[in-house]
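Engineer: Pasting a structure here, questions to come.
The values are calculated or read from the model by the stated rules, or taken from the named source; none is laboratory data. Computed from a prediction, not measured in an experiment: that's the story for all the values here. Virtual Cβ from ideal backbone geometry, glycine too; neighbours counted across all protein chains shown. Note: areas computed on protein heavy atoms with side chains; ligands, DNA, RNA excluded. Shrake-Rupley method; radii C 1.70, N 1.55, O 1.52, S 1.80 Å.
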Amino acid sequence: MMTRLDALQMIAETCADLPIVVACAASSREMASLGRQPNHFYLYDQLGMSCSIGFGVAVALEKSRFPKVVAIEGDGGMLFSLSTLATIGSVCPRKLLLIVLDNEAYASTGGQVTASPKVNLTEMAAAAGIAATDISTPEELRQWLAESRRADGPHFARVRISGSNAKVARLWEDPPLLAHDFSTFVQTHR
Amino acid sequence: MGTFETGSAALIEGLERIGLEFLIYIPTAQSELIIRHFDQKPDVKVFMVCREDEGVAALAGMALAGSVGAMILQDNGLGVSLNALCTMPKEYHLPSLFMVPRGDGIGESRVGIHEFSEQVVDIIKAANIKTFELDYRVPLSEWGNALEQFYRYSVHTRRPVVVFYNLRGWGQSK
């Protein structure tokens with residue numbers, strides 16, 4: 001099974017030209033451990049907000065040169081903000097790729113099990129009108145990233161990952177600096 | 001003395017002045033005319049979100065992209081969105097304009113929410129989020145200009161501002 005770091009590395013490499021909003025806590029720390037990038041917007045403690053922030057970026061960049069905007073969420077964060085699926089399905093931002101890294105746990109707070117094993121996030125996204133798929137292998141993720149990049153969205157993928165966090169350094173950058181770098185990237189290339 | 005219609009028109013004027021591109025909202029009766037106005041404009045994208053905190057985060061995304069947006073939400077909805085307000089646009093220094101009709105005050109007493117709504121301005125101030133208020137104490141002729149200045153203030157200080165307004169404080173029953 002892929003680790004979170006495996007999945008993030010593939011997303012970072014294949015979407016190096018796209019704005020990427022990264023979920024809070026372990027996801028942002030592990031993404032930053034691969035090398036902090038100006039096209040990445042890292043969240044610290046904003047559980048469930050990356051999908052809405054990515055949605056806002058994708059709506060605002062509808063007429064930009066960016067082919068897609070990526071939002072990475074965890075299963076806990078997605079469950080925390082399920083209503084966002086309805087908003088995304090309703091507004092239909094065609095450039096949004098929403099990726100849920102699903103380890104079925106709140107890994108950053110001790111591994112408490114989320115509702116993910118008992119509810120189907122992919123079917124929920126599909127019921128909201130979003131093209132949704134389950135992904136279990138690196139090959140599937142690579143193929144989905146390539147295909148969804150070329151097709152109008154919104155697209156949703158639940159990527160199954162293992163439960164453990166990588167041992168990486170914490171991120172200590174000042175939040176306004178992270179926002180400034182990402183915003184500069186987006187506005188320079190839009 | 002203003003009316004519901006002239007007060008709404010003044011707020012519309014203010015939003016026109018800032019070059020509004022996106023209007024996010026949670027439905028509010030006091031904002032009905034504003035939402036309808038911009039919904040009919042092809043150059044402004046208007047959409048509803050399901051929850052206030054969602055809207056706060058979406059507006060932050062728009063600010064990151066350099067777009068001009070605003071969000072309308074009820075004042076009791078600030079309770080739902082306080083964490084999002086404090087940890088996203090405030091913490092990351094993102095200009096954001098929040099338009100909040102009062103659910104409590106002169107001409108607008110709602111017994112189901114006034115225990116919260118009465119205190120909401122103080123709660124937002126205590127969270128160190130900048131607030132402005134437009135009501136019968138401010139000449140209606142200044143509302144449009146004032147709203148533009150509030151938005152500029154948000155941009156220049158790189159932080160969210162919450163504009164409370166009351167369109168029913170002039171004695172109308174609507």
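Engineer: List every residue whose amide H lies under 5 Å from the amide H of A:Thr133, counting only residues 5 or more places away in sequence or on a different chain, with H placed 1.01 Å from N in the peptide plane.
Structural biologist: HN-HN under 5 Å from A:Thr133: A:Phe156, A:Ala157, A:Arg158.
Engineer: A follow-up question, please. Show me the helices of chain B, taken as full DSSP H stretches, that run 15 Å or more along their long axis by Cα and average -1.0 or above in Kyte-Doolittle hydropathy.
Structural biologist: The answer, listed by residue number, is B:4-17, B:52-64, B:143-157.
Engineer: Right, here's the next one. Whole percent per 10 Å bin, from 0 to the bin with the longest distance: what is P(r) over all C-alpha pairs of the protein assembly as shown?
Structural biologist: The distribution over the protein assembly as shown is 5, 26, 33, 21, 11, 4, 0, given as percents.
Engineer: Using all C-alpha to C-alpha distances in chain B, build P(r) with 5 Å bins and read off the rounded percent in each one.
Structural biologist: 1, 9, 19, 24, 23, 16, 7, 2, 0
Engineer: Per residue of region A:174-185, what does 6.51 cos²θ - 1.76 cosθ + 1.60 with θ = phi - 60° give for ³J(HN,Hα)? Whole Hz please, x for Gly and Pro, Karplus curve as stated.
Structural biologist: 5, x, x, 5, 4, 5, 4, 4, 5, 5, 5, 4
Engineer: Using a 10 Å cut-off around each Cβ of peptide A:75-85, what is the average number of partner chain Cβ atoms that fall inside?
Structural biologist: Partner-chain Cβ atoms within 10 Å, mean over residues of A:75-85: 2.
Engineer: Hey, another quick one. May I ask you to list the GluC sites (Glu not before Pro) in region A:94-190 that are in a DSSP loop and have at most 14 other Cβ atoms within 10 Å of their Cβ?
Structural biologist: Taking region A:94-190 and a limit of 14 other Cβ atoms within 10 Å, the loop GluC sites (Glu not before Pro) found are A:Glu173.
Engineer: With every protein chain left in place, what is the accessible area of B:Ile113 in Å² (1.4 Å probe, nearest 10)?
Structural biologist: Number for this one is 40 Å².
Engineer: How about region A:101-173: which trypsin sites (Lys or Arg not before Pro) there lie in a loop by DSSP and see at most 11 other Cβ atoms within 10 Å?
Structural biologist: The qualifying sites are A:Lys118, A:Lys167, A:Arg170.
Engineer: Taking each residue of B:61-74 in turn, how many C-beta atoms of other protein chains fall within 10 Å of its C-beta, and what is the average?
Structural biologist: Mean number of neighbouring Cβ atoms from other chains: 6.
Engineer: Counting only other residues whose beta carbon sits under 11 Å from that of B:Gly69, what net charge do I get with K and R as +1, D and E as -1?
Structural biologist: After counting each charged neighbour, the total is 0.
Engineer: Over the alpha carbons of region B:75-170, what is the largest minus smallest coordinate on each principal axis, giving the biggest first in Å?
Structural biologist: 36, 32, 15
Engineer: While we're looking at this one, here's another question. Counting other C-beta atoms within 10 Å, and keeping those with at most 11, which DSSP coil trypsin sites (Lys or Arg not before Pro) do you find in region A:1-49? Write down the numbers at each step before the final one.
Structural biologist: On the way: sites: A:Arg4, A:Arg29, A:Arg36; in loops: A:Arg36.
Those that pass, being in a loop and sparsely packed, number zero.
Engineer: Computing the accessible area with a 1.4 Å probe over protein heavy atoms, can you report the carbon and sulfur percentage for region A:8-167?
Structural biologist: The computed percentage sits at 51.
Engineer: Å³ per residue of the Cα convex hull, for chain A?
Structural biologist: Taking the convex hull of the Cα positions in chain A, it is 98 Å³ per residue.
Engineer: Where the centroid of each part is defined by its Cα atoms, how far is region A:1-47 from region B:1-71 in Å?
Structural biologist: Using only Cα atoms to place each centre, the spacing works out to 32 Å.
Engineer: Taking the simple approach of a point 7 Å from Cα along Cα-to-Cβ for both A:Asn120 and A:Thr184, what is their distance in nm?
Structural biologist: Here the modelled spin labels are 4.6 nm apart.
Engineer: Among B:Tyr153, B:Tyr25, B:Tyr92, which one moves the most in a GNM of chain B with springs linking Cα atoms closer than 10 Å?
Structural biologist: B:Tyr92
Engineer: On a 29 Å Cα-Cα criterion, which of the cross-link pairs A:Lys118/B:Lys90; A:Lys167/B:Lys130; A:Lys95/B:Lys125; A:Lys68/B:Lys41; A:Lys118/B:Lys45 come out too long?
Structural biologist: Distance filter (> 29 Å) returns A:Lys118/B:Lys90; A:Lys167/B:Lys130; A:Lys95/B:Lys125; A:Lys118/B:Lys45.
Engineer: Check B:Leu134: other-chain or 5+ apart residues with amide H under 5 Å from its amide H, H built from backbone geometry?
Structural biologist: Excluding prolines and chain starts, which carry no amide H, the hits are B:Phe164, B:Tyr165, B:Asn166.
Engineer: Okay, next question. Measuring from a point 7 Å past the Cα of B:Ala29 along Cα-to-C-beta, which residues in region B:146-171 have an amide N at less than 18 Å?
Structural biologist: Answer for region B:146-171: B:165-171.
Engineer: Just counting partner chain Cβ atoms within 10 Å, what average do the residues of peptide A:61-68 show around their Cβ?
Structural biologist: On the way: counts 6, 3, 0, 1, 0, 1, 0, 0.
Mean partner-chain Cβ count within 10 Å for A:61-68: 1.
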